[in-house]
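The values are calculated or read from the model by the stated rules, or taken from the named source; none is laboratory data. All values reported here derive from a predicted model rather than from experimental measurement. Don't worry about glycine lacking a Cβ; one is built from the backbone with ideal geometry, like all the others, and counts go over all protein chains shown. The accessibility values were calculated without ligands, DNA or RNA, using every heavy atom of the protein model including side chains. Shrake-Rupley method; radii C 1.70, N 1.55, O 1.52, S 1.80 Å.
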Amino acid sequence: MSLTQLFALTPGEPAGIGPDLCLLLARQAQPQPLVAIASRELLAERAAQLGIAIELISVGPGAWPDTPSAAGRLYVWDTPLGAPVVPGHLNPSNAAYVLETLERAGRGCLAGHFAGMITAPVHKGVINQAGIPFSGHTEFLAELTHTEQVVMMLATRGLRVALVTTHLPLKDVAATITAERLARVARILDHDLRSKFGIPRPRVLVCGLNPHAGEGGHLGREEIEVIEPTLEQLRGEGLDLIGPLPADTLFTPKHLERCDAVLAMYHDQGLPVLKFKGFGAAVNVTLGLPIIRTSVDHGTALDLAGSGQIDSGSLQVALETAYQMAASRR
């Protein structure tokens, strides 16, 4: 990436490991200017607790940095907390603070100030406890950007897995996989692999829903009645889709080495394989948004906040992925 582009980093839940991750990341030089949208006071307190020497440099609208982040320095767009933070102890008074950081980052991307945003984990429960309806980053950003349909994709070295359905009870999955939904998700996946990852003709392996991809209708008819006809229609539009294939044999080297992504029907069909392959070095990418958003593949880890016993590998991968996606869009 030759041109300088600005990226936003949100530390997420202030009582979790997000602030720690930002500080650990700032010990290394970055190839692009990286702005933490966070409480400067919180970062200073957590740095002192962890014994990390970091120079916090205030930036913001009208005063954006134009040089990459040097080792030992962190650009900060100061965002006030609602209440003091004790590592590991959730406080609903800071729920609005978390959402303000996300809104600043999202609107900054929409306005063209940021080339992309990288998010550390939030705690959905404490935000709802504060009386603010919140189902997650993805839904929040979809509403903020007026996006009707988004797609969750996790990626690690050598494997990308996108999902047709995400956080649903297993008993509801089959009814949710309609021809319309499957087609929308597949089109978004194909479009963003081309436009945000620079893949000219993405080759996607598609999982069946049932064991053995339904085994000719003996183990379920969703493949015959919904999945196969929809894939055939999409192939007619130019999408390179292989399947539906049995998920228990799709995730093998001979298949994966010839594809750019896997489209799984539900959360625990595709993600256990990906997390086994790359946990701690995987990234969550929200496809379908008009902006670039990547995130870590783990939670807030409240028990580790302020301990110094954490690994910033997933955040580093999320950051590198955002850089690569921004470069592919130019």
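Assorted remarks:
- At R0 = 25 Å, FRET efficiency that the Cβ-Cβ distance of Leu302 and Arg157 yields, to 0.05: 0.30
- Tail weight of P(r) past 30 Å, computed on alpha-carbon pairs of the chain, percent: 36
- Theoretical gain in end-to-end length, Ala183 to His167 [0.36 nm per residue, Cα-Cα removed]: 3.9 nm
- For the stretch 59-161, GluC sites (Glu not before Pro) meeting the loop criterion (DSSP other than H, G, I, E, B) and having at most 16 other Cβ atoms within 10 Å: Glu148.
- Theoretical FRET efficiency, 1/(1+(r/R0)^6), r = Cβ-Cβ of Lys254 and His218, R0 25 Å, to 0.05: 0.45
- Sparsely packed trypsin sites (Lys or Arg not before Pro) within the stretch 118-198, loop by DSSP, other Cβ within 10 Å at most 15: Arg157
- Counting charges near Ile118 (Lys, Arg +1; Asp, Glu -1) among other residues having Cβ under 13 Å from its Cβ returns a value of -1.
- Per residue, the chain reaches -10500 deg cm²/dmol at 222 nm when only DSSP H runs of four or more residues are counted, each adding -39500 (n - 2.57).
- Legend: translational diffusion of the stretch 1-62 by Stokes-Einstein, Rh = Kirkwood radius over C-alpha pairs, 4 °C, 1.567 mPa s; D = 104 µm²/s.
- Expressed as a whole percent, the accessible area of the chain that falls on carbon and sulfur atoms is 52 (1.4 Å probe).
- Extent along the principal axes, Cα only, for the stretch 137-262: 44, 32, 28 Å, with the longest axis given first.
- Mean Cα-pair separation over length for the stretch 104-237, i.e. relative contact order, pairs under 8 Å, 6 or more apart, %: 14
- Spacing of the modelled spin labels on Arg235 and Asp268, each 7 Å from Cα toward Cβ, amounts to 3.2 nm.
- Those chymotrypsin sites (Phe, Trp or Tyr not before Pro) in the stretch 238-325 that DSSP places in a loop and that have at most 11 other beta carbons within 10 Å: none
- Net length available on complete extension from Ile52 to Trp64 is 1.9 nm, with 0.36 nm assigned per residue and the Cα-Cα distance removed.
- For the pair Glu225 and Ala83, the difference between a 0.36 nm per residue extended length and the Cα-Cα distance amounts to 45.7 nm.
- Where the stretch 227-286 is the region considered: accessible area per residue in Å², 1.4 Å probe: 46
- Rounded if a/c under 1.5, otherwise prolate or oblate - the stretch 183-330, Cα gyration tensor axes: oblate
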